[in-house]
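Notes follow the structure.
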């Protein structure tokens, strides 16, 4: 990948899209992870307004610290960056307390994890509406179009996706080019939805380089594998199949002409 040219292309694309939409800039939630760090920096490089939100919900201190230090770095390097901290922990706890109990606690934990993402999406659009900003998505190609590792109408609820055509390994290349803080580059990827330090690999069962390999194999129509390769390919297909509903347009019940 021609990292410098790709970076410039994304920055120009972001600026052009916002200007054509007659919007002032972007709003993004920064989590302390590589994707939000890269995306927020790309948005900052447009020179347009960038509002960066910190939205912890029972967040691990390591994630909160990385996010805060990245925003410090952004503000030191870009005059167009504004930060707003929004502690969503009490809001989330209040919501949980009014919800009825369920029999299956595993289902409840997963539902509440997705609720965190949807609560953050709501806050992003609140600020976007106040200041005529676009909500910038942070999903990469493997997450958005491979395994569907995001929350529908949560972190998947955005106005535009600047890095969604980059593989995770390519996101790291851009991060190094942009001189993103080394602690973010070295941190294990996590969605930050569980209130602990569990990683994406813990949840999925495969690393991003492995998933990228499986995605490429599926595109090439190759299916005959053994050992770890078969295990990874099966993991990829399981997530790709289960999350297909996130990756295709919402189905519309089209009324046939004969009924009109």
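The values are calculated or read from the model by the stated rules, or taken from the named source; none is laboratory data. This is a predicted model, so every value here is computed, not measured. Heads up, the Cβs are rebuilt from the backbone with ideal geometry, glycines too, and the neighbour counts pull from every protein chain shown.
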All but one of (1) closer than 16 Å to residue 128 by Cβ; (2) outside any strand (DSSP E or B) hold for residue 51; state the number of the condition that does not hold. (2)
What is the number of the single condition among (1) crowded, with 16+ Cβ neighbours inside 10 Å; (2) modelled with pLDDT under 95 that residue 81 does not meet? (2)
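Which one is surrounded by the most Cβ atoms within 10 Å (Cβ to Cβ) among residues in the range 188-209 that are more than 13 Å from residue 149 (Cα to Cα) and free of Cβ contacts under 8 Å to residues at least 24 places away in the same chain?
198
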Can you tell me which residue in the range 219-257 is nearest to the chain's Cα centre (by Cα), limited to those that are farther than 22 Å from residue 169 by Cα and in a helix (DSSP H, G or I)? 246
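Looking only at the range 130-152, decide whether some residue is part of a helix (DSSP H, G or I) and under 18 Å from residue 27 (Cα atoms).
Keep residues of the range 130-152 that are part of a helix (DSSP H, G or I), which gives 130-131, 141-147.
Now restrict to residues that are under 18 Å from residue 27 (Cα atoms): 130-131.
Yes: the range 130-152 contains one or more residues that are part of a helix (DSSP H, G or I) and under 18 Å from residue 27 (Cα atoms).
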Looking at 50, 99, which one is at negative phi and in contact with a helix residue (DSSP H, G or I) (Cβ under 7 Å, 6 or more places away or on another chain)? 50
Odd one out for residue 157, checked against (1) surrounded by fewer than 17 Cβ atoms within 10 Å (Cβ to Cβ); (2) more than 21 Å from residue 65 (Cβ to Cβ); (3) at pLDDT below 95: (1)
Could you run through the range 26-63 and say how many residues are without any contact (Cβ under 8 Å) to a residue 40 or more places away in the chain, within 16 Å of the chain's Cα centre (by Cα) and surrounded by fewer than 21 Cβ atoms within 10 Å (Cβ to Cβ)? 1
Quick check on residue 234: is it out of contact with any strand residue (DSSP E or B) (no Cβ under 6 Å at 6 or more places or on another chain), in contact (Cβ under 8 Å) with a residue 40 or more places away in the chain and surrounded by 12 or more Cβ atoms within 10 Å (Cβ to Cβ)? no
For the range 210-227, name all the residues that are over 19 Å from residue 167 (Cα atoms) and either in contact (Cβ under 8 Å) with a residue 12 or more places away in the chain or in contact with a helix residue (DSSP H, G or I) (Cβ under 7 Å, 6 or more places away or on another chain) (or both). 225
Take the residues of the range 127-146 that are in contact with a helix residue (DSSP H, G or I) (Cβ under 8 Å, 6 or more places away or on another chain) and within 21 Å of residue 115 (Cβ to Cβ): which is surrounded by the fewest Cβ atoms within 10 Å (Cβ to Cβ)? 135
Here are 119, 95: which of them is surrounded by 11 or more Cβ atoms within 10 Å (Cβ to Cβ), under 21 Å from the mean Cα position of the chain (by Cα) and either part of a helix (DSSP H, G or I) or touching a residue at least 12 places away in the same chain (Cβ under 8 Å) (or both)? 119
A careful count of residues in the range 16-25 that are in a helix (DSSP H, G or I) and either touching a strand residue (DSSP E or B) at 6+ places or on another chain (Cβ under 9 Å) or surrounded by 17 or more Cβ atoms within 10 Å (Cβ to Cβ) (or both) gives 2
Selection over the range 31-48 where residues are at pLDDT 95 or above, over 14 Å from residue 128 (Cα atoms) and assigned to a loop (DSSP other than H, G, I, E, B) yields a count of 3
